[in-house]
Each structure stands twice: as C-alpha cells, then as structure tokens.
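One structure is given below, encoded as structure tokens.
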Amino acid sequence: MKLDFDLTDYILLSISVAAFGIGVHQFMYFGMGVSYWLFMIALGLPFYMQFRRHKRKIQEQVKDNKLKPQKTNSSSKAKSKKTNKSA
C-alpha cells in the first residue's frame with residue numbers, strides 16, 4: 001500500500017488528531033457545547049485531505065494525457081434547454 005502524502009497532508013492529519021484529542025479533553029470537562037467545534041475540525045480535515053488527494057490525482061492524469069480535461073460550456077447547456085422545450 002503506497003501512501004502519497006506530502007508535507008501538507010501530514011500537517012493536516014496532525015492538526016486533525018490534535019483537535020480530536022483536545023476535543024475529547026474539553027468534552028470530558030466542559031461538555032459537548034464547548035468541544036463541538038473541535039470535533040468538526042477533526043472530522044472535516046480528513047475530508048479536505050481526501051479532496052486534495054483526489055484533485056492532485058486528476059491533475060496528474062490530465063498531465064499524463066490519460067484523462068482529458070473537462071470543459072464547461074454554458075452555450076451547450078442553453079442549446080439542450082432549447083431542444084427540451086421544443087420537444
């Protein structure tokens with residue numbers, strides 16, 4: 001299993017673990033209302049790491065010509081709406 005972490009991913013993971021540890025401590029002493037934001041940070045950072053990793057993977061595939069970049073074209077959306085209205 002290959003881990004493709006860079007320095008930023010390690011920092012985000014460390015902050016997530018630290019926020020969870022501090023959140024548990026705050027929860028035990030003060031309750032959920034005080035520690036809620038720490039748990040949300042601890043939960044949100046791994047999702048952000050996964051988003052960054054996926055984005056980096058897509059960029060590498062585009063760079064290696066394994067995947068074509070997607071172009072957003074608003075005129076094609078307008079054309080499809082016109083054809084749907086006439087049908």
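One residue stands out among those in region 1-47 that are in contact (Cβ under 8 Å) with a residue 24 or more places away in the chain and among the polar types (S, T, N, Q): the one that is farthest from residue 57 (Cα to Cα), which is 16. Cβ-Cβ contacts under 8 Å between residues 6 or more apart (or on different chains), taken from a first residue in region 58-76 that is surrounded by 10 or more Cβ atoms within 10 Å (Cβ to Cβ) to a second residue that is at pLDDT below 70 and in a loop (DSSP other than H, G, I, E, B), are listed as 58/67; 61/67; 62/68; 62/69. Consider residue 7 carefully, then state whether it is hydrophobic (A, V, I, L, M, F, W, C), modelled with pLDDT under 95 and more than 15 Å from the chain's Cα centre (by Cα). Judged against the criteria, residue 7 is a match. Just one of the listed residues (27, 39) is among the aromatic types (Phe, Trp, Tyr) and either at pLDDT below 95 or out of contact with any Gly (no Cβ under 9 Å at 6 or more places or on another chain) (or both), namely 27.
Applying the criterion of being of a type in the set (Gly, Ala, Ser) and in a helix (DSSP H, G or I) to the residues of region 10-36, the residue that is nearest to the chain's Cα centre (by Cα) is 16.
The values are calculated or read from the model by the stated rules, or taken from the named source; none is laboratory data. The structure displayed is predicted, hence computed values, not measured ones. Every residue, glycine among them, receives a Cβ derived from its backbone with ideal geometry; neighbour counts consider all protein chains shown.
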